[in-house]
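The values are calculated or read from the model by the stated rules, or taken from the named source; none is laboratory data. All of these numbers come straight from a predicted model, not from anything done at the bench. Please note: Cβ atoms are built from the backbone with ideal geometry, for glycine as well, and neighbour counts cover all protein chains shown.
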Amino acid sequence: MKITQGTFSFLEELTDEQIDAQIKYAISHGWSLSIEYTDDPHPRNVYWEMWGLPRFDLTVDQSDVVLREVRAAREAFPEAYIKVIAYDATRGRQTSALSFIVNRPATEHGFHLERTEDRDRVMRYRLVHLREAIGSVGVGNLPIRGNEGGGSVTE
């Protein structure tokens, strides 16, 4: 199951040249860039781990700085989800203008929707995070969030 979050998530994986083109596009619009990673791509998990510091005031010629950071994050966490986020501050607040995944684990574990019927014909739903196929993205085979695997449930 392929996790679909952010821009371009329904397309094939982006090449480094395509990623660089998107970085240049973001920089040409004056957007700040940030790289984040996680082992938990749950749709409600909006707080991913930050890789380095956000990049402000870059020129289009400096797009390789961000691409080098993407490559370094891939090397450090090959089994993590890694995304690039572009923030737009033109309206006086930082809003996410562009976000796309640049790395995925070899095997994506995905989610399963579980439905149960409660009193008075009330339907209850919960999202079960399938962890059987996940590999650890932490250092020395230690998970980065304390998730030891097993069928963890996220509501």
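Listing for the model above:
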item	result
Positions within the stretch 33-63 being touching an Asp or Glu at 6+ places or on another chain (Cβ under 8 Å) and of a type in the set (Ser, Thr, Tyr), in sequence order	37, 38, 63
Single condition residue 106 does not satisfy, out of (1) closer than 23 Å to residue 128 by Cβ; (2) in contact with a strand residue (DSSP E or B) (Cβ under 7 Å, 6 or more places away or on another chain); (3) among the small types (Gly, Ala, Ser); (4) exposed (fewer than 15 other Cβ atoms within 10 Å of the Cβ)	(2)
Residue check, residue 52 in a strand (DSSP E or B) and small (Gly, Ala, Ser)	yes
The stretch 80-103 - residue that is at pLDDT below 90 and either assigned to a loop (DSSP other than H, G, I, E, B) or buried (at least 17 other Cβ atoms within 10 Å of the Cβ) (or both) and, of those, nearest to the chain's Cα centre (by Cα)	94
Residue that is in contact (Cβ under 8 Å) with a residue 24 or more places away in the chain and over 15 Å from the mean Cα position of the chain (by Cα), where the choices are 31, 48	31
Residue that is surrounded by the most Cβ atoms within 10 Å (Cβ to Cβ) [pool: residues in the stretch 65-79 that are under 12 Å from residue 35 (Cα atoms) and not β-branched (Val, Ile, Thr)]	73
Residue that is nearest to the chain's Cα centre (by Cα), among those in the stretch 1-28 that are surrounded by 14 or more Cβ atoms within 10 Å (Cβ to Cβ), in a helix (DSSP H, G or I) and not small (Gly, Ala, Ser)	19
Of all residues making up the stretch 109-129, the number that are assigned to a loop (DSSP other than H, G, I, E, B) and either surrounded by 12 or more Cβ atoms within 10 Å (Cβ to Cβ) or in the same structural domain as residue 30 (by TED's automatic domain parsing) (or both)	2
Residue 63 vs. criteria closer than 18 Å to residue 94 by Cα, in contact with a Lys or Arg (Cβ under 8 Å, 6 or more places away or on another chain) and free of Cβ contacts under 8 Å to residues at least 60 places away in the same chain	no
